[in-house]
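Structure first, commentary second.
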Ligand SMILES: [Zn+2]
């Protein structure tokens, strides 16, 4: 990869803006007028997992929240505010929680690796690990990291589903579907973990099937 310096970013930006305007005259003028994305992406902060590029979406098409290891904690006002804004104000129709294989946060959780302050954040993924210890023990050690990535996504989808934001949205009859996906840094491909929930009542059966899917995929 080229050795990019900080000042190069402005040069890249000007070139990108000029190219966009050449290809699609008026593109930025139309962006100013509205933001009506149908999709919200909750992903890992990892630099290898850029939401727009992976999905071929343009500016204005996906509302993004990222943190270490794509965790949605019940009391995290940052994530919850982003979800609430997306659901109540932007009226997104789909929220994707997207993990990725070879996730440093998930691997640190799996291996009890201490990284510093972030240990307290990663502790949430250790809770997922401990909840599914029986499954992980039946998976070959070299595949446990990928399995925990999937299990973490499934659990975070549940956390989105049981949030007050989604409880209220579904009670009002709003059409929002929550999805669980995993991205392969090694092949650039998204996998659907079939943790797709569009009502409060379907959380439990879909969750059980998705967990069984993890066992089938990685064992
Ligand atoms: Zn990650």
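Taken together, the values in this text are just the output of simple stated rules run on the coordinates, not laboratory data. Worth saying up front: this structure is predicted, and the values here are computed from it rather than measured. Cβ sites come from the backbone with ideal geometry, for glycine too, and all protein chains shown count toward neighbours.
Computed log10 I(q)/I(0) for segment 1-59 at 0.23 Å⁻¹: -1.18, from the Debye equation with unit scatterers placed on every C-alpha and solvent omitted. Just so you know, the averaged projected area of the alpha carbon convex hull for segment 150-212 sits at 4.4 nm². Dividing the summed -39500 (n - 2.57) terms of all DSSP H runs of n ≥ 4 by the residue count of the chain sets its mean residue ellipticity at 222 nm at -14000 deg cm²/dmol. Taking a temperature of 4 °C and a viscosity of 1.567 mPa s, what whole-number D in µm²/s does Stokes-Einstein yield for the chain with Rh from Kirkwood over alpha carbon pairs? Value of D from the Cα-based Kirkwood radius: 70 µm²/s. Largest mean-square fluctuation among 65, 74, 179, in a Gaussian network model of the chain whose springs join Cα atoms under 10 Å apart, belongs to 74. For the pair residue 200 and residue 102 in one chain, pulling the backbone fully straight at 0.36 nm per residue adds 32.2 nm over the alpha carbon distance.
Extension gain for residue 7 to residue 89 (0.36 nm times residue separation, less C-alpha to C-alpha distance): 25.9 nm.
Remark: segment 128-186 is approximated by an ellipsoid whose semi-axes, taken from the C-alpha gyration tensor as √(5λ), come to 29, 14, 6 Å, largest first.
Highest mean first, the peptides 103-115, 136-148 sorted by other C-beta atoms within 10 Å per residue fall in the order 103-115, 136-148. Packing, as the average of other Cβ atoms within 10 Å across residues, places the peptides 1-13, 183-195 in the order 183-195, 1-13, highest first.
Computed from the Cβ-Cβ distance with R0 of 35 Å, the FRET efficiency linking residue 123 to residue 190 stands at 0.80.
With 0.36 nm allotted per residue and the present C-alpha distance subtracted, the residue 138-residue 73 stretch has 20.7 nm of extension available. Just so you know, the Cα atoms of segment 3-123 work out to an Rg and Dmax of 17.3, 52 Å. Cβ-Cβ distance of residue 168 and residue 31, R₀ of 25 Å, FRET efficiency by 1/(1 + (r/R0)^6): the value works out to about 0.25.
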